[in-house]
1. What distance in nm separates the two pseudo spin-label positions at Asp93 and His81, each 7 Å out from Cα along the beta-carbon direction?
2. Could you please report the charge total around Phe98, scoring K, R as +1 and D, E as -1 over all other residues with beta-carbon less than 10 angstrom from its beta-carbon?
3. Using amide H atoms built in the peptide plane, which far-off residues or other-chain residues are under 5 Å from Gly100 H to H?
4. Looking at segment 74-121, which chymotrypsin sites (Phe, Trp or Tyr not before Pro) are DSSP coil and have at most 13 other C-beta atoms within 10 Å of their C-beta?
5. So, with +1 on the Cβ of K and R and -1 on the Cβ of D and E, and no other charges, what is the size of the charge dipole of segment 31-120 about its Cα centre, to the nearest 20 debye?
Amino acid sequence: MKLKSALPTVFLAMLAASQLLVPVTPAELAPRRIEVTAKRFQFTPAEITLKKGEPVVLVLSSMDTTHGLQVKELGLETKIHKGQPTELAFTPDKTGTFVGHCSVFCGSGHGSMTLTLHIVE
């Protein structure tokens, strides 16, 4: 009788121990963080290469005024206020080249303010 009542406890202990055997690398613990600066009329860096399925956080900062970032094909959109870093977390789920645009009018060069995301396998 004692053996039957101990079996669930033993099973749970074995299950918990098996989870400890799965190797976890530091890269799997935290998303990749990339700092991007916005200022009239550019993003720096202007191009970023990402891996499909790899979590990423874009840390966006404005140097001069309110800007925005919109990448329609990836469903990304945020505002970037001067002096207030904005974090945009996502995991790319498709490959290709996607061009993001400043989504807040910031002056005469606004239309040329782009950020290109290259997503590879």
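Each value in this text was obtained by applying a stated rule to the coordinates, not by laboratory testing. Since the model is a prediction, treat every value here as computed from it, not as a measurement. We place every Cβ from the backbone using ideal geometry, glycine too, and count neighbours over all the protein chains shown.
1. Output for this residue pair reads 3.0 nm.
2. Working: positive: Lys72, Lys94; negative: Glu73.
Value of the local net charge: +1.
3. Counting only residues 5 or more places away or on other chains, the set is Leu115, Thr116, Leu117.
4. Phe105
5. Values: 10 positive and 8 negative charges, 9 e Å.
The dipole magnitude comes to about 40 debye.
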